[in-house]
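> There's a structure below that I have some questions on.
Rule-based calculations on the coordinates, nothing more; no lab input. From a predicted model like this one, the values you see are computed outputs, not experimental measurements. Don't worry about glycine lacking a Cβ; one is built from the backbone with ideal geometry, like all the others, and counts go over all protein chains shown.
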Ligand SMILES: CC(C)(COP(=O)(O)OP(=O)(O)OC[C@H]1O[C@@H](n2cnc3c(N)ncnc32)[C@H](O)[C@@H]1OP(=O)(O)O)[C@@H](O)C(=O)NCCC(=O)NCCS
Ligand SMILES: CC(C)(COP(=O)(O)OP(=O)(O)OC[C@H]1O[C@@H](n2cnc3c(N)ncnc32)[C@H](O)[C@@H]1OP(=O)(O)O)[C@@H](O)C(=O)NCCC(=O)NCCS
């Protein structure tokens, strides 16, 4: 592998240069390993791959802690080989997901803003080794990250040993876009003084004791690209509902045309919504989010966004090229920060973020499931959705009203798993329309959701449920023993529809 | 009613003195009325009573917004007369609860830290009249509150008209314990600079434009006393589990003997737990809570607590006497603040609060229901429990393992309503024992809860459910169509026990 010594300003560290196999050999069975990487960006591309190659003939089991999901099929590879006993705080890999759901590997699905605090307070024990992708190492040993910050700063602070992967595919002049603020430890946690998305509060590299650096590896592998789905009719309808709603808020004087900082979660709908702002009336927008997606850069190009703060840049291949070919244009408009800053309740609630996240399903009363299919099988995890939904000024959840060819309604009587309670869901949008749940009691929310969000194929069924539930009474009416009938029907008949009325009458006999 | 003009330093306002009936006549049908009052303390005792007397022959309907629950049977009185169309953000009254559950009055159960933000952003429309209990009015028209602050500062800022109730039963020298910090409006919300429980950041009275003061009424009615239940075997067992756990955390070096600021919710268990600290080894404790209960003052007297911050003092009659007879001893050790400061995510997450709240029920995976009996009928509301559980360093939930003579297990397969997801519940304690859920994946949490928290009468049933669920797989295993069988059995047979196995086999045929 090519080396570029100009990327290591601390010359005392030159002797630490090694290859990925030797570096990976530092990782031993039973260790707690932390790796950079947030939504496929800035992850370890050499050492964890070498580890997985070794694991094929030298079985081992590690705890693997990251920022968020990894690229390079790393999770799939390691999980398939049984090399991970515990994974946290987020993953989004189909193979790993299957193994998690089979109970073959333990997965701690965490609010992305909380892992740093849990690490500092010792919940997961000591970190034996951290692998951190860098664009360079500075004279003081501090690490300039690449396309993500994630939990790397806390990993560098806590790990006993550190392996740095210098990625030559990332231009060295990425330096300057990182804003590394360390939040401190209880009882002396610091005020995070951010009062606008663009305000720098930290330094541009991750403090690191050079003595802990046990190996430096060079690589030139690119980040795995984001899968960008082009907006379709459904996502465009959802986007236009949200834009119209926000326009009305501006006309009502509750927001200005600059709105408040935007956050958009992962998932195709959230990305499409952001894209929709390009052709809108809004101006001088800012983004205070986790992941800066293609849409962020489209909005810069459209002159709509003044500044974007996130924890990673996760974009398609063509967008990646475009960004680094035009780096001068973007570099002063972006800050990448640790995820316990991007996702800090303190900052989100102070800035008044408008958060747009995707739901797997939502219920009559506005409770949202972001993570568990049918209440049991995890899809990805809660990610940062609760950090934002709980603390934002406006918490918007989007979802198509059905999936799997209308056999599944994503608006159900009672969600099978609650990630976000009714208290943290202000606006619900499907391609059917938008329900503004602010200032409503649960029974009123149900009416708004029935009227605006449910797919016509399920509206009567849901209304019937609601009517029967209201006869039973309650602040939040339910027919508790029928609340999950739709899942049972899906299981038994392959659809939430049709068979329902039959099941119902047989249950009535109980 | 006796008057004391020395309590009104702004002499221009003397002419506004009136009686409660005339003041109440300012309140008209359809108005949005805000009243001071937080957990029965510092509430309106004259004007709202007069309003309820008038409502007997002059029907009207208002929206009633408070800090939290009211004393004086005010909620019961007004609700019974049908005088409330919408109530928020918290209540704890048996009569009102019944009417809410019947759907006769709309109730918006809100996180107590969020109402101020919702009011500022216009979610509930304009406040027509605010009624605020005061100990005095200062020369600049600002209002010195009494035993609570709650939402009074935001009410004073936003209401079109203000009625002040000067309560002569509260000594004028209560002045000085209030710390009124206004958090500001988006996009210019301020940093709340609190870095320790005892740090004053605001002024000692509520800013108020004297021109908005439409009436001043004198009263001398005392706060309704708190119902204090003496610790019993169950609550003592729970308390001792928590003290032992915290002692172990100190020994493990994760906490010092001063711990971190304590919050204790309402409910008899939480109060008993705080009381337990009196005979412990801990020292220099601080309290950063909502409600300062009898236990707070017991801990001052025991020399255990250095400082207590809250939004109200809600104590028994004897404790109330004791406090004001010894005011010099306490007054420099207490701050009462607005509830959007006591309950601010920002401050709670910065201080690293140890939060102790009571659950109605908890499930196998650590999800907690604080508010809805059997998923439908509200008890009180979520209160500040989520503000604290989501942002604290340690979120502890306590509950007896059963209730109603063991016919109900408070540890169930799946909670019928989720107020706090597994992500916000670190420790679960019943009289059976303590489960430390930190750093565990859901299946591991289930084992810890089964082993430590479930009542023996339900352990086998719950284990059976868990085993069957694990066969189905998933990150969070459930037998979705049986998840709520225990409630069905309770409904049909009066108990969650016994009949269960019969129902189960009949369901198996489906
Ligand atoms: C919820 C989430 C999975 C949606 O992502 P998405 O890409 O928009 O997902 P889709 O709507 O296409 O659904 C994904 C799959 O699940 C299926 N699905 C969706 N809802 C379902 C439901 N209620 N029941 C069963 N299957 C469902 C879809 O059919 C689709 O299956 P397919 O791939 O076989 O077609 C994603 O946003 C997520 O992981 N969120 C949690 C984390 C988060 O919100 N982070 C935000 C801050 S970064
Ligand atoms: C949850 C809460 C109601 C518990 O309060 P508590 O005084 O300890 O309540 P108890 O355990 O005595 O239960 C109250 C009643 O509900 C019944 N109950 C409790 N759990 C039940 C369950 N799972 N199913 C059915 N009934 C239940 C009890 O039997 C009791 O009935 P009774 O009065 O007829 O004996 C109370 O803490 C609360 O309202 N919490 C939400 C707000 C909050 O947490 N605020 C904290 C910050 S201030």
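> Of all DSSP beta bridges located in the protein assembly as shown, what percent are antiparallel, nearest 5?
25 percent
> By the gyration tensor of its Cα atoms, with a ≥ b ≥ c the square roots of the eigenvalues, what is the shape of the stretch A:5-219: rounded for a/c under 1.5, prolate for a/b over b/c, or oblate? Mind showing how you got there, number by number?
On the way: a/c = 1.69, a/b = 1.20, b/c = 1.41.
Here the stretch A:5-219 falls in the oblate category.
> Say R0 is 51 Å: what FRET efficiency, to the nearest 0.05, do residue B:227 and residue A:102 get from their beta-carbon distance?
Between residue B:227 and residue A:102 the formula returns 0.50.
> Kindly identify chain B as rounded, prolate or oblate by the Cα gyration tensor criterion: order the square roots of the eigenvalues as a ≥ b ≥ c, call it rounded if a/c is under 1.5, otherwise compare a/b with b/c, prolate if a/b is larger, else oblate.
Since a/c reaches 1.5 and a/b is larger than b/c, the shape of chain B is classed as prolate.
> Follow-up question, since we're still on this one. Calculate, in nm to one decimal, what residue A:204 and residue A:173 gain on full extension: separation in residues at 0.36 nm each, minus their alpha carbon distance.
Contour length minus Cα-Cα distance gives 10.0 nm.
> Measure out, as a whole number of angstrom, how far apart the alpha-carbon centroids of the stretch B:22-82 and the stretch A:1-56 sit.
67 Å
> Counting other beta carbons within 10 Å of each Cβ, put B:370, B:36, A:205 in order, fewest first.
By the 10 Å Cβ count, ascending: A:205, B:370, B:36.
> Which of the peptides B:158-164, A:67-73 is most tightly packed, and how do the rest follow, going by the mean number of other Cβ atoms within 10 Å of each residue?
By packing density, highest mean first, the sequence is A:67-73, B:158-164.
> Once you keep just the Cα pairs under 8 angstrom separated by 6 or more residues, what percentage relative contact order results for the stretch A:233-493?
16 percent
> Then there is this: Can you tell me which of B:247-255, B:176-184, B:377-385 comes out highest on packing, and rank the rest after it, using the mean Cβ neighbours within 10 Å?
B:377-385, B:176-184, B:247-255
> Report relative contact order for chain A in percent, whole number only (criteria: Cα-Cα under 8 Å, sequence separation at least 6).
The value is 13 percent.
> Okay, next question. Which order do B:418, B:32 fall in if you start with the one that has the fewest other Cβ atoms within 10 Å?
The most exposed by this proxy come first: B:32, B:418.
> Another question about this same structure. How crowded by other chains is A:436-446, given as the mean number of beta carbons from other chains within 10 Å of each beta carbon?
Across the residues of A:436-446, the mean count of other-chain Cβ atoms within 10 Å is 4.
> Follow-up question, since we're still on this one. In whole Å, how far is the Cα centre of the stretch B:320-358 from that of the stretch A:216-273?
The distance from the Cα centre of the stretch B:320-358 to that of the stretch A:216-273 comes to 41 Å.
> From the label point of residue A:494, set 7 Å from Cα along Cα→Cβ, how far away are the matching label points in the other copies, in nm, ordered shortest to longest?
Sorted ascending, the copy-to-copy spacings read 4.7 nm.
> Another one. I need A:39, B:146, A:235, B:493 ordered by Cβ neighbour count within 10 Å, fewest first.
B:493, A:235, B:146, A:39
> What is the average number of partner chain Cβ atoms found within 10 Å of a Cβ in B:480-493?
Mean number of neighbouring Cβ atoms from other chains: 4.
> Right, another one. How crowded by other chains is A:253-266, given as the mean number of beta carbons from other chains within 10 Å of each beta carbon?
1
> Still on this structure: Nm distances between the label at residue A:283 and the same-position labels in the remaining copies, 7 Å along Cα→Cβ, shortest first?
The answer, with the shortest distance listed first, is 6.5 nm.
> Rounded, prolate or oblate: which one fits the stretch A:434-483, using the alpha carbon gyration tensor with axes a ≥ b ≥ c (rounded when a/c is under 1.5, else prolate when a/b beats b/c, else oblate)? Kindly include the intermediate steps, with their values, before the conclusion.
Working: a/c = 2.64, a/b = 1.16, b/c = 2.29.
Cα axes put the stretch A:434-483 in the oblate bin.
> Same structure again: Tell me the label-point distance for the pair residue B:467, residue B:245, using the 7 Å Cα-to-Cβ offset, in nm and rounded to one decimal.
For the pair residue B:467/residue B:245, the computed spacing is 2.8 nm.
> How far is it, in nm, from the label point at residue A:447 to the one at residue B:447 when both lie 7 Å from their Cα along the line to the Cβ?
The answer from the label model is 5.0 nm.
> Mind checking the angle between helix B:456-472 and chain B's longest principal axis? C-alpha axes, 0 to 90 degrees, to the nearest 10.
70 degrees
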